[in-house]
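Shown next, in structure tokens, is the structure this report addresses.
The values are calculated or read from the model by the stated rules, or taken from the named source; none is laboratory data. Small disclaimer: the values here were computed from a predicted structure and weren't measured. We place every Cβ from the backbone using ideal geometry, glycine too, and count neighbours over all the protein chains shown.
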Amino acid sequence: MASPSTTARLEPGLTSAFAALCLGAVAMGISPIFVRFASSSMGGAPADVGPFASAFWRVSLCLPLLYAWMRIEEKRAPAGTPRVRFSKASILGGIVFAGDLFFWHLAILKTTVANATFFATMAPLFVVLTVWLVLRQRVSRGTFMGLALCLLGGAALIGQSLQADPARIVGDLYGVATAFFFGMYFLAASRARKTAGAARVTFEAGLITSAILLVVALLFDTRVIPHTAQGIAALLAMSYVSHAGGQGLLAIALGRLPAVFSSLVIFLEAIAAALFGWAILGEPLTLVQSVGGALILFGIWIARPTADAPAG
């Protein structure tokens, strides 16, 4: 798979693409809250749906909306705009995103929201290493510095939640697997955006992801259909906010921003998840974690695209 260029320069629309990326990260950052409400036992009651079923509903429920967006986007696109249907990159994006959600939903249920999100947002590490070592493309010094600060900030963000708890370690490893697949999704989606619009890439990848996760849910989950109002509401919110909103905004941003820099901005998801976990689930948020959030913001700023230097 060819990789997108890691070089980007300031141009009209770059600011709006960055804003879309930040909003997408926040939208994805709240998804653990929805997963907890949909997949975990609440007050001793049985879980509404299994983890794989919740991942399936997350992607599939918003497919009609994504399809409508795709038709509107392509109807308004100028004549001659690239519109390749189900490109290899789009298909690969759907496959690796299924792997991402498979491990992500397991991680959320096996460790804390902050832990799961931090390890999942290590995706930039896999993106940078793949672009630099496998695809042999240049990665700027600013990107390496930004990545180091973001990783340090993420470690501070989860702080004391890193404990030698065997049950939690399993969840953390699921988070690392999530990061690998999410990193590959960044590269695949960025490549797919070369020949298709954001809506088509999001819809096609989601269609493939849904098909894979439906099979997984039917094989491994005993609860596939939600049966409570809370479960249905959580799945709808996760689908429309975290998937349609988060992945859609990410696809928009990847049309203008390089995958390497974009992956660093997704560290904002860790900040958002920690804040949501504190505000909604009552998970502690300390001064050290606040400093970690500041380091992430500084790391993203250092790695930002400039007018005369590579962004990746």
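Which members of the range 182-200 meet the condition of being touching a Ser or Thr at 6+ places or on another chain (Cβ under 7 Å) and more than 17 Å from I95 (Cβ to Cβ)? The answer is T195, and nothing else.
You will find that of T81, T117, the residue that is closer than 30 Å to G282 by Cβ and either hydrophobic (A, V, I, L, M, F, W, C) or out of contact with any strand residue (DSSP E or B) (no Cβ under 8 Å at 6 or more places or on another chain) (or both) is T117 and no other.
Pairing each residue of the range 56-67 that is touching a residue at least 60 places away in the same chain (Cβ under 8 Å) and closer than 20 Å to V215 by Cα with any residue that is of a type in the set (S, T, Y) and part of a loop (DSSP other than H, G, I, E, B), provided the two are 6+ apart or on different chains, yields no C-beta distance under 8 Å.
Here the condition is being farther than 20 Å from G231 by Cα, modelled with pLDDT under 80 and assigned to a helix (DSSP H, G or I); of A38, A17, A114, it holds for A114 alone. Of all residues in the range 186-202, those that are closer than 18 Å to P124 by Cβ have Cβ atoms under 6 Å from Cβ atoms of residues that are polar (S, T, N, Q), 6 or more apart or on another chain, in F186/S263; L187/S3.
Residues that are in a helix (DSSP H, G or I) and surrounded by fewer than 20 Cβ atoms within 10 Å (Cβ to Cβ) within the range 71-93 comprise R71, I72, E73, E74, K75, R76, K88, I91, listed in sequence order. Beta carbons closer than 6 Å, at least 6 apart along the sequence or on distinct chains, pair a first residue in the range 203-216 that is at negative phi and at pLDDT 95 or above with a second that is surrounded by fewer than 24 Cβ atoms within 10 Å (Cβ to Cβ) and outside any helix (DSSP H, G or I) for E204/F86. Considering R223, R256, R200, the condition of being in a helix (DSSP H, G or I) and of a type outside the set (F, W, Y) is satisfied by R200 alone. Output yes when any residue across the range 122-140 is modelled with pLDDT under 80, over 18 Å from the mean Cα position of the chain (by Cα) and surrounded by fewer than 20 Cβ atoms within 10 Å (Cβ to Cβ), and no when none is. So far as the range 122-140 goes, no, none of its residues is modelled with pLDDT under 80, over 18 Å from the mean Cα position of the chain (by Cα) and surrounded by fewer than 20 Cβ atoms within 10 Å (Cβ to Cβ).
Against the list (1) within 25 Å of R256 (Cα to Cα); (2) without any contact (Cβ under 8 Å) to a residue 24 or more places away in the chain, the condition V139 fails is (2).
Among the residues making up the range 259-285, those that are farther than 22 Å from S190 by Cβ and outside any helix (DSSP H, G or I) are L281, G282, E283, P284, L285.
Only one of these conditions is not met by V176: (1) in a helix (DSSP H, G or I); (2) in contact (Cβ under 8 Å) with a residue 60 or more places away in the chain; (3) closer than 30 Å to Q137 by Cβ; (4) not polar (S, T, N, Q). Which number is it? Against the list (1) in a helix (DSSP H, G or I); (2) in contact (Cβ under 8 Å) with a residue 60 or more places away in the chain; (3) closer than 30 Å to Q137 by Cβ; (4) not polar (S, T, N, Q), V176 comes up short only on (2). When the range 180-197 is limited to residues that are surrounded by fewer than 24 Cβ atoms within 10 Å (Cβ to Cβ) and part of a helix (DSSP H, G or I), the one that is modelled with the lowest pLDDT turns out to be R191.
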